[in-house]
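Here's the structure, in structure tokens; my notes come after.
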Amino acid sequence: MSRPVPKPGILDIAPYVPGKSGAGVHGRVFKLSANEAALGPSPKAVEAFSRTASGLEIYPDGSARLLREAIGRAFDIDPANVVCGVGSGELLHTIANIYLGPGDEAIHTTHGFLLYPIATMSNGATNVIAPEKNFTADADAILAAVTPRTKIVWLANPNNPTGTYMTAAEVRRLRKNLPPQVLLVLDAAYADFCSNADYEAGIELVKETDNTVMARTFSKIHGLAAVRLGFIFGPSHLIDVVNRVRDPFNSNGPAMQAAIASLADTAHYKAAQAHNEKWRTWLTDEVSKLGLIVTPSAANFILIHFPTTPGKTAADADAFLTQRGLILRAVAAYKLPQALRLSVGTEEANRLVVEALREFMRAA
Ligand SMILES: *Cc1c(COP(=O)(O)O)cnc(C)c1O
């Protein structure tokens, strides 16, 4: 029998598995598996979104001009060098579609975000994995993985699911030593949560070079994951090509209104940062006190490492917590079979997780 056949490489892709929404046996469920905003979106964003319910028959502005201008003001960047899209995920795929084909290579690190191998393989290109040091991307290992076929380096900074980051100096050293024809993609989905002085999201590097692009999202600190909106900031030649190949209406009207209102609500943004800082530190300390190893995080989640002792493994903990309606993220697909990723939640959720983990560690 004959039927349509996907291009080579496509069927090698392991489907992306989103964080579980889960069902607790006791009714209430705390979803701490997808790094969603603990405080939710800005009320002003919700209001702006609601107002768009009239006018749904009208196509949105395909150039996303008002949103790009708001982004330009918020980040001090030229709106002409911004493209918005259906989450940053869509834009990363578009970049892969433009630059990768069979025979090309794209580098990501051992525990790098899973969208990267998917985007690479969708285009028949080859994944090259650069080892990490201490769960952190390593500039020298990435440079050592470069070949004449390398077209893209994917770098989430801070990275998901490890929460670690490469310092601004190291990212700059990486860029400086990469061949000029290699595109460095800085995925800064969690940049808003990292206040460390030695960190940069990549804005300056994009301005200074011709081969670096930064991706951002409204899904995390802005709490707008449901409306699917992200953007890239890049050099003009890249922006020009992305604008040729993207769907002409890849940012929907209600999402853009919500995002514009969210960018204007700096009080909510700062509250979300402060909440995260406070509870990320608290969770790291409390979980460490239980005898578990936590990788220091610069994002809105922490990575908890469990022992291999039967009864105390990550899989055991996952089952124990899930039964109590506490949904964490198993990260075996990220080559971390003995760890769980915990998103920073509300105060109540955070306290419940630590309480449940204490019980889990005590249980025989
Ligand atoms: C959540 C996340 C994104 C953003 O995805 P959207 O498509 O914008 O929702 C991008 N990169 C990383 C590493 C992420 O964890």
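The values are calculated or read from the model by the stated rules, or taken from the named source; none is laboratory data. Everything numeric in this text was worked out from a predicted model, so none of it was measured. Here the Cβ is made from the backbone with ideal geometry for all residues, glycine too, and neighbour counts use every protein chain on show. Surface accessibility is based on the protein's heavy atoms, side chains included, excluding ligands, DNA and RNA. Shrake-Rupley method; radii C 1.70, N 1.55, O 1.52, S 1.80 Å.
Once the Cβ-Cβ distance between Lys289 and Ala74 is put in as r, and R0 is 51 Å, what FRET efficiency do you end up with, to the nearest 0.05?
So the FRET efficiency works out to roughly 0.85.
Enumerate the lysines that Lys133 could reach by cross-link, defined here as Cα to Cα under 25 Å, with residues fewer than 8 away along the same chain left out.
Straight-distance partners of Lys133: Lys151, Lys176, Lys289, Lys335.
Leaving out same-chain residues fewer than 8 places away, which aspartates and glutamates sit with a Cα under 15 Å from that of Lys278?
Qualifying aspartates and glutamates at Cα under 15 Å: Asp192, Glu286, Glu347, Glu348.
With every protein chain left in place, what is the accessible area per residue of the chain in square angstrom, probe 1.4 Å?
In whole numbers, the chain has 45 Å² accessible per residue.
What is the Cα coordinate range of the range 43-264 on the first, second and third principal axes, sorted by size from largest, in whole angstrom?
Result, largest extent first: 54, 38, 28 Å.
Where a ≥ b ≥ c are the square roots of the eigenvalues of the C-alpha gyration tensor, would you call the range 280-364 rounded, which needs a/c under 1.5, or, failing that, prolate if a/b is larger than b/c, or oblate?
Cα axes put the range 280-364 in the rounded bin.
Gaussian network model of the chain, Cα springs within a sub-10 Å range: biggest mean-square fluctuation belongs to which of Asn350, Asn127, Asn177?
Result for the chain, Cα springs under 10 Å: Asn177 fluctuates most.
Residue by residue through the range 317-325, which ³J(HN,Hα) values in whole Hz follow from phi under the Karplus form 6.51 cos²θ - 1.76 cosθ + 1.60 (θ = phi - 60°), with glycine and proline marked x?
For the range 317-325, the Karplus-derived couplings read 4, 4, 5, 4, 5, 4, 4, 9, x Hz, x marking Gly and Pro.
In percent, how large is the relative contact order of the chain, given Cα pairs closer than 8 Å and 6 or more residues apart?
For the chain, the relative contact order is 25 percent.
What's the Cα-based Rg to Rh of the range 225-321, Rh via Kirkwood?
My calculation of the ratio gives 1.16.
Over the Cα atoms of the range 39-160, compute the convex hull volume and normalise it per residue, giving Å³.
Given the Cα convex hull of the range 39-160, per-residue volume reads 159 Å³.
Lys44: which lysines have alpha carbons under 23 Å from its alpha carbon, excluding same-chain residues fewer than 8 sequence positions away?
Leaving aside lysines fewer than 8 places away in the same chain, those within reach of Lys44 are Lys220, Lys270.
Counting only the backbone N, which residues of the range 330-349 are under 17 Å from the spot 7 Å out from the Cα of His305 toward its beta-carbon?
331-342
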